[in-house]
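The values are calculated or read from the model by the stated rules, or taken from the named source; none is laboratory data. Keep in mind it's a predicted model, so treat the numbers as computed, not measured. Ideal geometry is used to build each Cβ from the backbone, glycine not excepted, and the neighbour counts take in all protein chains shown. Note: areas computed on protein heavy atoms with side chains; ligands, DNA, RNA excluded. Shrake-Rupley method; radii C 1.70, N 1.55, O 1.52, S 1.80 Å.
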Amino acid sequence: MAEDDYTAQLSWQSQSKENLHVLMQNFTPEQHDRYDQYRRSAINKNTVRKFINHTLGTNPSMNVAQVVAGFSKVFVGEMVERARAIQALKGDTGPLAPDHLREAYRKYLQETGAVGAARPLRGKKLFAR
């Protein structure tokens, strides 16, 4: 049973690599440059740990900081993508302006309701004895 899982995982990984390769072959030079910049960018994990500690009052592990940094990177990527779309709609060119980012964030809040889109449980308890 474990060998079947392992072979399935290997098959899935090879398919994912193949899909990424096909996607990258169809990138325009500008898209390829943006993808390279995205891959090289990182959010400092020690800074994320300090932020979590300041916000929650507890010292998180490096694994938690890495996960939060990963989600933050994805969120920033989504905001930049939305801001680029807004820039194109307005007919602006050049680098993104703060107005584009503010409008992207406003639309994100309008669509999701809140950052993270987590909804309160309204009196429901997560853990009960």
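May I ask you to list the residues in the range 17-71 that are of a type in the set (Lys, Arg), under 21 Å from GLU81 (Cβ atoms) and at pLDDT 90 or above?
The one that is of a type in the set (Lys, Arg), under 21 Å from GLU81 (Cβ atoms) and at pLDDT 90 or above: ARG40.
Here is a check on your reading of the model: is LEU89 free of Cβ contacts under 8 Å to residues at least 12 places away in the same chain and open to solvent by less than 90 Å² (accessible area, probe 1.4 Å)?
Answer is no for this residue.
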